[in-house]
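Participant: This is the structure I want to talk about, given as structure tokens.
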Amino acid sequence: MSWKPTRSKRWPGRWTSGETLQFPSNSIPTLFIPAHRSLTSRRLLKAAEAIREVVASSILTEVRDPRVQGVTVLGVKVSPDMREAKVSISVMGGEKNEKLCLSGLRNAAGFLQQQIANRIDTRHTPRLQFEVDRGAQNAMVVGEILAKIRREKEADGDSPIPEDETIQADESAVPNSAEDDDSSSLA
């Protein structure tokens, strides 16, 4: 008699020699993730914010490495098991300064992890990985391109675009319930 992994009717969570658990032959069993559970829970977001605060204050006040200067901690992404954290930073200066700063932060990662362990009570202290966030640089490039287009339009004699022009939604297309309530109470 061969033994097959089965589930007991008395204890559904235990494997015994009862009925056999079978999967269709053409399918692979997959992990079921309930729809109500989001991938970024409130707990992870709070932990990421706490880690960001500790890392930012430690870099500002306690890291003595001369390579780590002009650093802004923009955000932290924590893995679901809270064993790893990616710290997004912005560095003032050019590429050379960014590389120097990243090497200094990688050398100071153990010290920063120790600061996190001292200030935040968690089961696991996350391993820190640093990455440069290029969002601010990309925004500056887009701004320069838009300014260049604006200058070209003005040079061609087209109507100049005002500096403070904003796109506004058509008020008739989007009903505002607060205004509707006010107008009905006045009538």
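Participant: What are the pairs, 6+ residues apart or on separate chains, where a residue within the range 58-69 that is within 15 Å of Gln113 (Cα to Cα) has its Cβ under 9 Å from a residue that is part of a loop (DSSP other than H, G, I, E, B) and not small (Gly, Ala, Ser)?
Facilitator: Ile59/Val68
Participant: Taking only the range 115-138 into account, find how many residues are touching a Ser or Thr at 6+ places or on another chain (Cβ under 8 Å) and free of Cβ contacts under 8 Å to residues at least 40 places away in the same chain.
Facilitator: 1
Participant: In the set Asp65, Asp133, Asp121, Asp81, which member is surrounded by 14 or more Cβ atoms within 10 Å (Cβ to Cβ), out of contact with any helix residue (DSSP H, G or I) (no Cβ under 9 Å at 6 or more places or on another chain) and among the acidic types (Asp, Glu)?
Facilitator: Just one listed residue meets the conditions, Asp133.
Participant: In the range 67-100, how many residues are within 15 Å of the chain's Cα centre (by Cα) and over 13 Å from Leu44 (Cβ atoms)?
Facilitator: Residues in the range 67-100 being within 15 Å of the chain's Cα centre (by Cα) and over 13 Å from Leu44 (Cβ atoms): 6 in total.
Participant: One residue is enough: does the range 131-154 have a residue meeting the conditions part of a strand (DSSP E or B) and not basic (Lys, Arg)?
Facilitator: Looking through the range 131-154, at least one residue is part of a strand (DSSP E or B) and not basic (Lys, Arg).
Participant: Which members of the range 86-112 meet the condition of being touching a Lys or Arg at 6+ places or on another chain (Cβ under 7 Å) and assigned to a helix (DSSP H, G or I)?
Facilitator: Leu100, Cys101, Ser103, Gly104 - these are the residues of the range 86-112 that are touching a Lys or Arg at 6+ places or on another chain (Cβ under 7 Å) and assigned to a helix (DSSP H, G or I).
Participant: Here is a list of conditions, (1) at pLDDT below 95; (2) within 20 Å of Glu131 (Cα to Cα); (3) not hydrophobic (A, V, I, L, M, F, W, C), and Pro24 meets all of them except one; can you say which number that is?
Facilitator: Going through (1) at pLDDT below 95; (2) within 20 Å of Glu131 (Cα to Cα); (3) not hydrophobic (A, V, I, L, M, F, W, C) one by one, Pro24 breaks only (2).
The values are calculated or read from the model by the stated rules, or taken from the named source; none is laboratory data. Keep in mind the model is a prediction, meaning the values are calculated, not measured. Here Cβ is always computed from backbone atoms with ideal geometry, including for glycine, and neighbour counts include all displayed protein chains.
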